[in-house]
Amino acid sequence: MSDRPTLRPRFWERHALDALTPAEWEALCDGCGRCCLHKLEDADTHEIAYTCVACKLLDDDTCRCAQYDIRKEIVPDCVVLTPDNIAEIAYWMPETCAYRRLHQGRGLPAWHPLLTGDPDSVHRAGISVRHRTVPEFEVTVDEYEDYLLKDDA
């Protein structure tokens, strides 16, 4: 017997984001880790640049939050993405992000684990930030520009 919740077949194509079960919502995350990177926004153009400076809770091996269930307690300004706030937050998410793509009416990318059945497909596709991050406690905010992610997907 599996502890994993049952997901409806191809739920991301058949249901609106606000109609997903909590398990389906969570399953959309591809595990790239890019949302946990510190970002810089150009004040004039509002363009977002990703740094390789990671939240202190990002596990650089798994590209997942090491304290996901209690992250807001540890990092109070951590943004919890929900169907209710995706419209305001989508522009901060990477272009490859399933939440952003589905919100914008685009489908999942071919390498997405829901399509491949393999959670490592995001890493093999070169989308994840696995082993490419610097912990935030090693860098001052003033140095973030020196740590721009070179291959932002």
With a cut-off of 8 Å between alpha carbons and a minimum separation of six or more residues, what is the relative contact order of region 39-122 in percent? 11
Backbone HN-Hα couplings from phi across region 7-18 [Karplus 6.51/-1.76/1.60, Hz, Gly and Pro as x]: 10, 5, x, 6, 3, 5, 9, 9, 9, 5, 4, 7
Using R₀ = 22 Å, calculate the FRET efficiency as 1/(1 + (r/R₀)^6) where r is the Cβ-Cβ separation of GLN104 and ARG64; round to 0.05. 0.35
Could you rank the peptides 33-40, 109-116 by their average count of other C-beta atoms within 10 Å per residue, with the highest value first? 33-40, 109-116
Relative contact order %, the chain, counting alpha carbon pairs below 8 Å whose residues are six or more apart: 30
From the phi of every residue in region 46-57, what ³J(HN,Hα) in whole Hz does the Karplus formula 6.51 cos²θ - 1.76 cosθ + 1.60 yield, where θ is phi - 60° and glycine or proline is x? 6, 5, 9, 10, 8, 9, 9, 7, 9, 3, 4, 8
If you take the beta carbon distance between TRP92 and THR6 as r and set R0 to 35 Å, what does 1/(1 + (r/R0)^6) give as a FRET efficiency, to the nearest 0.05? 0.70
State whether region 11-147 is rounded, prolate or oblate according to the following rule on the C-alpha gyration tensor (a ≥ b ≥ c being the square roots of its eigenvalues): a/c under 1.5 gives rounded; otherwise a/b larger than b/c gives prolate, and the remaining case gives oblate. prolate
Estimated 222 nm signal from helices in the chain, with DSSP H stretches of n ≥ 4 weighted -39500 (n - 2.57), rounded to 500: -3500 deg cm²/dmol
Amide H contacts under 5 Å for LEU58, placed H, 5+ residues apart: ALA66
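Can you tell me the order of 98-104, 132-138, 84-90 when each peptide is scored by its average per-residue count of other Cβ atoms within 10 angstrom, highest first?
Averaged packing, sorted descending, gives the order 98-104, 132-138, 84-90.
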What distance in nm separates the simple spin-label points at VAL75 and GLU145, each placed 7 Å from Cα in the Cβ direction? 2.4
Using θ = phi - 60° and the Karplus curve 6.51 cos²θ - 1.76 cosθ + 1.60, what whole-Hz ³J(HN,Hα) does each residue of region 60-67 get, with Gly and Pro shown as x? 5, 7, 9, 6, 10, 6, 6, 9
Among GLY117, PRO83, ILE70, whose Cα lies farthest out toward the positive end of the dipole of region 64-117, if unit charges sit on the beta carbon of Lys, Arg (+1) and Asp, Glu (-1)? GLY117
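Bear in mind these aren't lab numbers, they're just calculated from the coordinates by the rules spelled out. What you are looking at is a predicted structure, and each value in this text was computed from that prediction instead of being measured. In this analysis, Cβ positions are derived from the backbone assuming ideal geometry, glycine residues included, and neighbour counts consider all displayed protein chains.
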